[in-house]
Amino acid sequence: MLPETAAIHAGFEVDPVTRAVAVPIYQTVSYEFESAEHAASLFNLEVEGHRYGRISNPTTAVLERRMAALEGGLDAVCVSSGQAAVYFALVNLVSPGQNIVTVPQLYGTTHTLFAHILPDLGINGRFAKDSSPSSIAAQIDADTRAIYCESVGNPAGNIADIAALAEIAHAHDIPLIVDNTVATPILFRPIEHGADIVVHSLTKFLGGHGTTLGGVVIDAGRFNWKNEAERFPMFSKPDESYHGLIYHEHFGRAAYLGRLRSVYLRTIGATLSPFSAFLLLQGIESVAVRVDRHVDNTRYVAEFLQTDHRVAWVNYAGFSTNPYYKLAQRYFHGRVPSILTFGLHGGYEAGIRFYNALQLVRRVVNLGDSKSLACHPASTTHRQMNAQEQLSAGVRPETIRLSIGIEHIDDIITDLDQALSQATATEMQMPAAEALP
Ligand SMILES: *Cc1c(COP(=O)(O)O)cnc(C)c1O
């Protein structure tokens with residue numbers, strides 16, 4: 001199935017008991033064992049089946065199969081948020097004293113994870129000076145266990161050269177992990193270009209309506225954990241926490257996800273609720289048509305801002321002057337994902353004035369909603385960073401990040417236009433009462 005079809009059908013067959021065509025919500029915590037012996041063989045992972053709702057659920061399993069199909073992966077594990085997916089994807093393959101090489105332009109909370117939280121666990125996040133393959137290669141040492149990047153960085157809109165990064169990772173016998181949230185599998189499928197593991201915040205374009213948090217880890221099933229037993233002993237040495245299970249013996253190509261579910265989902269419990277899985281499945285059914293509209297509207301907005309004298313700069317990879325234009329052509333065929341950043345003259349104050357003047361476009365920190373959204377990273381998502389970290393993350397004091405929705409383009413432009421007018425009005429034009437509170 002092509003992605004447009006997989007988004008609607010993959011991973012589900014009409015329910016054999018009820019003949020229900022929509023995916024049923026299995027709102028249950030537990031599943032009855034036929035007998036003590038059956039329970040024992042489930043716990044030994046000898047037979048397939050569900051044991052307990054923290055570990056697996058039939059509704060969530062449909063979402064897992066659908067996401068694996070959309071990304072062209074072997075299998076997937078869903079978790080309660082994108083951030084849980086990022087965290088599990090990393091800690092599943094790295095041990096204290098080791099490191100993961102990443103790029104400076106990352107989703108704000110992921111940056112915090114690498115810069116502060118993982119180091120407290122003895123795991124080093126090594127930031128390359130930029131996202132170029134040579135800068136990333138320069139950070140790899142004998143203790144590196146993965147390269148991590150976002151296919152499209154948030155908020156800077158930087159595009160990673162996934163094929164080049166995969167080649168570097170594999171030359172060092174380590175996997176490439178890619179957060180594909182902003183691109184979605186409709187625009188880009190990292191596994192086709194060599195990525196080993198893909199993570200998503202399902203909260204964004206995939207769910208698509210800003211109602212439901214969720215995350216997923218997808219494994220291409222290609223990385224040979226067995227051959228790399230010295231680097232990744234967790235997959236080939238008996239797990240004492242699981243009566244001596246050896247993951248690659250038991251799960252074969254699915255060892256990575258088998259361990260992620262058996263160790264992290266089971267003991268930390270960042271479980272997606274079945275109702276959330278159902279809502280996310282509803283969103284995914286229309287993701288392909290929504291993404292098309294997001295992409296078209298965003299190009300229109302980028303061109304509007306670019307030609308407007310009130311705007312100082314626009315960062316949009318669809319412009320031939322943009323440093324990521326070539327990668328956008330190569331990997332997205334010019335269908336540039338629908339976040340862009342821009343700035344007005346006048347720094348932080350101008351950014352805030354524009355932000356506060358928006359009426360239709362919502363002031364939020366998320367992205368990938370059917371609604372148009374705006375974020376002022378310097379005062380919100382990137383507030384914990386110092387000025388230098390902000391700059392290398394692609395955040396200037398005046399930066400506004402837009403996530404363009406699927407409303408009528410004329411209404412979006414009208415709102416941006418009036419907010420620009422308000423933000424750039426001189427004090428002379430402002431009512432005296434506002435100028436002198
Ligand atoms: C939102 C986001 C996350 C975190 O996802 P949540 O579902 O909010 O936890 C991770 N990566 C990227 C690129 C995101 O946009």
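The values are calculated or read from the model by the stated rules, or taken from the named source; none is laboratory data. Owing to the predicted nature of the structure, the values given are computational and were not obtained by experimental measurement. Please note: Cβ atoms are built from the backbone with ideal geometry, for glycine as well, and neighbour counts cover all protein chains shown. What goes into the accessible areas is simple: the full protein's heavy atoms, side chains included, and nothing from ligands, DNA or RNA. Shrake-Rupley method; radii C 1.70, N 1.55, O 1.52, S 1.80 Å.
Here are the numbers for the structure shown:
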item	result
Residue within the stretch 66-81 that is away from the ligand (no atom under 16 Å from the Cβ), crowded, with 23+ Cβ neighbours inside 10 Å and farther than 25 Å from S131 by Cβ present	yes
Count of the stretch 82-98 residues which are open to solvent by 20 Å² or more (accessible area, probe 1.4 Å) and either hydroxyl-bearing (S, T, Y) or touching a helix residue (DSSP H, G or I) at 6+ places or on another chain (Cβ under 6 Å) (or both)	3
Selected residue (criterion: nearest to the ligand (Cβ to nearest atom)) from residues of the stretch 105-119 that are open to solvent by 10 Å² or more (accessible area, probe 1.4 Å) and not hydrophobic (A, V, I, L, M, F, W, C)	Y107
Lone qualifier among V311, V365 - being over 19 Å from the mean Cα position of the chain (by Cα) and either under 30 Å from L70 (Cβ atoms) or of a type in the set (A, V, I, L, M, F, W, C) (or both)	V311
Selected residue [in contact with a His (Cβ under 7 Å, 6 or more places away or on another chain) and touching a residue at least 60 places away in the same chain (Cβ under 8 Å)] from V395, V311	V395
Some residue of the stretch 94-102 being small (G, A, S) and away from the ligand (no atom under 16 Å from the Cβ)	yes
Considering residues of the stretch 236-257 that are touching a residue at least 40 places away in the same chain (Cβ under 8 Å) and part of a helix (DSSP H, G or I) only, the residue farthest from L202 (Cα to Cα)	H250
Segments classed as strands (runs of 3 or more DSSP E), wholly inside the stretch 285-379, with at least 2 members that are within 16 Å of the ligand (Cβ to nearest atom), under 27 Å from A163 (Cβ atoms) and in contact with a Ser or Thr (Cβ under 8 Å, 6 or more places away or on another chain)	339-344
Every pair of residues 6+ apart whose Cβ atoms lie under 6 Å, when the first sits in the stretch 358-386 and is open to solvent by less than 50 Å² (accessible area, probe 1.4 Å) while the second is in a helix (DSSP H, G or I)	L358/A419; V361/D415; S372/I412; H376/G351; H376/Y355; T381/G108; H382/G108; H382/Q390
Among the candidates V62, V47, residue that is closer than 30 Å to V152 by Cβ and either of a type outside the set (D, E) or within 19 Å of the chain's Cα centre (by Cα) (or both)	V62
